[in-house]
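Only one structure is covered here, and it is reproduced in the block below.
No lab work stands behind these numbers, since they all come straight from the coordinates. Please read all numbers here as calculations on a predicted model, not as lab measurements. Note: ideal-geometry Cβ built from the backbone for every residue, glycine included; neighbour counts use all protein chains shown.
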Amino acid sequence: MAEYENILVRQEDRVGVVQLNRPQALNALNSALMTELMHALRAFDGDDSVGCMMITGSEKAFAAGADIKQMAQASVVQMMNDPFIYYWDQLAAIAKPIVAAVSGWCLGGGCELAMACDMIVASETAKFGQPEINLGIIPGAGGTQRLTRTVGKAVAMEMVLNDRKLSAAEAQQLGLVNRVAPVEQYMDAALELAQGIAQRAPVAVRAGKEAVTKAYETTLAEGLHLERRLFTMLFATADQKEGMAAFIEKRKANWRGQ
Ligand code: DAK
């Protein structure tokens, strides 16, 4: 595995785990960290021994946002040209599912990173927020769009305009978070979810992620059209034949990702 300075990377069975590791800055997302994160995720995405990924931070902070110290003096042109910006689009292009395991501060770009993942498992201490307004800016990586589509306009407005923070319990109630666990257990809970997905038919998992993600981005008619195409496409896979044969023969399916 490649050497990194701002992240720790490991593989647990079929789950590729990336841990953000800038504890001195509460895992603030600078360009170097984002470069490494994208490199690691792309490597896992292209590795057949990985079926699902997980991004996590520390107990104290998933990530306290983009690195304010790096951004403070930036000009508009520097912001436009910084590859940091493009990493967020590339993140959305990762084909395999990503589970975010969130504890402590999950703010600004950190909250946007968690929302760019496909599922969130939180510790009871997690705090979600978009506090950019305190810096004289607004969210720039999905904090006004993904957040609003998930928690609704009323709560999103308060978060974006008045720095309202959500507890883990509130975030779960609003549909932002899949599961909440005590701080000692949230990593295991996230890993269990990721391991479950990682053991399933790989091509169908990717198709399922693509179809559900599309539901947030398109009309119902276009979404149904994509779903139908992906559904029928899966009948060209060996895994579909294997899955249905295994059901009929009352045995466990042996997925090949083909
Ligand atoms: N950036 C840089 N350093 C940070 C940081 C951040 N976001 N958050 C914390 N730190 C650093 C602190 O400066 C401090 O460093 P030292 O002073 O010790 O050197 C260290 O981490 C510990 O922080 P505190 O001493 O402040 O710790 P506390 O427990 O007292 O407070 C806190 C924790 C999370 C409440 C506080 O640190 C805080 O308010 N942090 C800032 C949160 C914030 O405003 N986040 C939003 C940043 S703006 C885009 C993509 C992304 C973005 C924008 C565009 N495009 C693709 C276009 C994202 C923007 C943002 O996220």
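Axis of helix 83-92 versus longest Cα principal axis of the chain: the two differ by about 30°, to the nearest ten degrees.
Against the chain, whose longest principal axis comes from its Cα atoms, helix 186-198 is set at around 40 degrees. Mind listing which GluC sites (Glu not before Pro) in region 57-158 are in a DSSP loop and have 16 or fewer other Cβ atoms within 10 Å? In loop regions of region 57-158 (DSSP not H, G, I, E or B), the sparsely surrounded GluC sites (Glu not before Pro) are GLU59, GLU124.
May I ask for the Kirkwood hydrodynamic radius of the chain, worked out over all distinct Cα pairs and given in angstroms to one decimal? Could the numbers behind the result be given before it?
Details: mean 1/r = 0.0523 Å⁻¹.
One decimal place: 19.1 Å for the Kirkwood radius.
Ranked from largest, the principal axis spans of the Cα set of region 1-80 equal 43, 29, 19 Å. At an R0 of 35 angstrom, the distance between the Cβ atoms of PHE231 and ASP188 translates into a FRET efficiency of 0.55. Reported value for region 211-258: 87 Å³ per residue, from the convex hull of its C-alpha atoms. With respect to the chain, whose longest principal axis is taken over its alpha-carbon atoms, helix 153-162 is tilted by about 30°.
Shape verdict for region 1-147, please, from the Cα gyration tensor: rounded (a/c under 1.5), prolate (a/b greater than b/c) or oblate. Intermediate results must be reported in sequence, preceding the final value.
Values: a/c = 1.65, a/b = 1.37, b/c = 1.21.
The shape class here is prolate.
Taking the highest mean first, how do the peptides 39-45, 233-239, 19-25, 250-256 order by number of other beta carbon atoms within 10 angstrom per residue? Walk me through the intermediate numbers first.
Working: 39-45: 18.4, 233-239: 14.4, 19-25: 16.3, 250-256: 11.6.
Packing order, densest peptide first, comes out as 39-45, 19-25, 233-239, 250-256.
DSSP beta bridges fully contained in region 11-106 are about 20 percent antiparallel.
Here is the P(r) of region 140-244: all C-alpha pair distances, binned every 10 Å from 0, give 12, 29, 33, 21, 5, 0 in whole percents.
With a 10 Å Cβ neighbour count serving as the proxy for reagent exposure, in which order, fewest first, do CYS52, CYS111 appear?
If I rank by nearby Cβ atoms, fewest first, I get CYS52, CYS111.
Working from label points 7 Å from Cα in the Cα-to-Cβ sense, the ARG251 to HIS39 distance is 4.4 nm.
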